[in-house]
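Quick notes on the structure that follows.
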Amino acid sequence: MADHGFMLNACNSVSGRLAVVEDNGIVGWLYLTETAGRKPVADVWLYNRINAPAAKQVQSYRGSPPPAPTGFVTDAAIQTPGEGDSWLFQWSEDGESVALLRDGQAMAWLSADSKSGYTRLLLKDGPWGKQWDQELFDRLFADADSREAKS
């Protein structure tokens, strides 16, 4: 996981959807694609690798995934993934939802029926995603251990 970024993905055998982590060296995002395709239908911000910019500076990142700005992120928003990190995609039973685990801790999750996903590092809902919902996460991913796909 070099400083220039990385990409991880996994395909669900039930739904045919692809989960993709994209880290461009500035920011990390999680995407869920359409069935048997590569077009994203849902996304969620994972972390910034840089200090959170002011909200008015976010537009300067047009053309690439934007970092989340100050006022939206927790103090833990700056992350630097390393070579020793363990990444895991955890799928719902129907393959329509996916969670991303880093070193055993769920970071974020997406569902095909909602354009925005849920992430632990947001202070409030916005264009980067929604605040974590543990109850909904538990309902969707109960007994998911047998459906995990390592990457």
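The values are calculated or read from the model by the stated rules, or taken from the named source; none is laboratory data. Quick caveat, the model's predicted, so the values are computed rather than measured. Counting neighbours? That spans all protein chains shown, and the Cβs are built from the backbone with ideal geometry, glycine included.
Among the residues of the stretch 108-125, is any in a helix (DSSP H, G or I) and either surrounded by 15 or more Cβ atoms within 10 Å (Cβ to Cβ) or of a type outside the set (K, R) (or both)? Looking through the stretch 108-125, none of the residues is in a helix (DSSP H, G or I) and either surrounded by 15 or more Cβ atoms within 10 Å (Cβ to Cβ) or of a type outside the set (K, R) (or both). Check the stretch 44-52 and report whether any residue there is loosely packed, with under 14 Cβ neighbours inside 10 Å, modelled with pLDDT of 95 or more and among the aliphatic types (A, V, I, L, M). Within the stretch 44-52, one or more residues are loosely packed, with under 14 Cβ neighbours inside 10 Å, modelled with pLDDT of 95 or more and among the aliphatic types (A, V, I, L, M). Applying the selection to the stretch 39-97, what residues are within 20 Å of L121 (Cα to Cα), touching a residue at least 24 places away in the same chain (Cβ under 8 Å), in a loop (DSSP other than H, G, I, E, B) and not small (G, A, S)? Correct list: R49, I50, N51, P65, P66, P67, F72, T74, Q79, T80, P81, D85.
Can you find even one residue in the stretch 82-101 that is under 17 Å from D23 (Cα atoms), crowded, with 16+ Cβ neighbours inside 10 Å and not hydrophobic (A, V, I, L, M, F, W, C)? Explain how you work it out, then say what you get.
Of the stretch 82-101, the ones under 17 Å from D23 (Cα atoms) are 82-89, 99-101.
Next, only the ones that are crowded, with 16+ Cβ neighbours inside 10 Å stay: 87-89, 99-101.
Narrowing the set further to residues that are not hydrophobic (A, V, I, L, M, F, W, C) leaves none.
No: the stretch 82-101 contains no residue that is under 17 Å from D23 (Cα atoms), crowded, with 16+ Cβ neighbours inside 10 Å and not hydrophobic (A, V, I, L, M, F, W, C).
Pairing residues of the stretch 128-151 that are at pLDDT 60 or above with residues that are acidic (D, E) and not in a loop (DSSP other than H, G, I, E, B), at Cβ distances under 8 Å and at least 6 apart in sequence or on separate chains, gives G129/D43. Within the set P69, P53, P40, the sole residue that is touching a helix residue (DSSP H, G or I) at 6+ places or on another chain (Cβ under 6 Å) and not aliphatic (A, V, I, L, M) turns out to be P69. Residue pairs whose Cβ atoms lie under 7 Å apart, separated by 6 or more positions or on different chains, with the first residue in the stretch 17-29 and in contact (Cβ under 8 Å) with a residue 24 or more places away in the chain and the second part of a strand (DSSP E or B) and of a type in the set (S, T, Y), are R17/T33; E22/Y31; G28/Y47. Among the residues of the stretch 96-119, write down those that are of a type outside the set (S, T, N, Q) and under 18 Å from P65 (Cβ atoms). If the condition is that a residue be of a type outside the set (S, T, N, Q) and under 18 Å from P65 (Cβ atoms), then V98, L100, R102, M107, A108, W109, L110, K115, G117, Y118 are the ones that fit.
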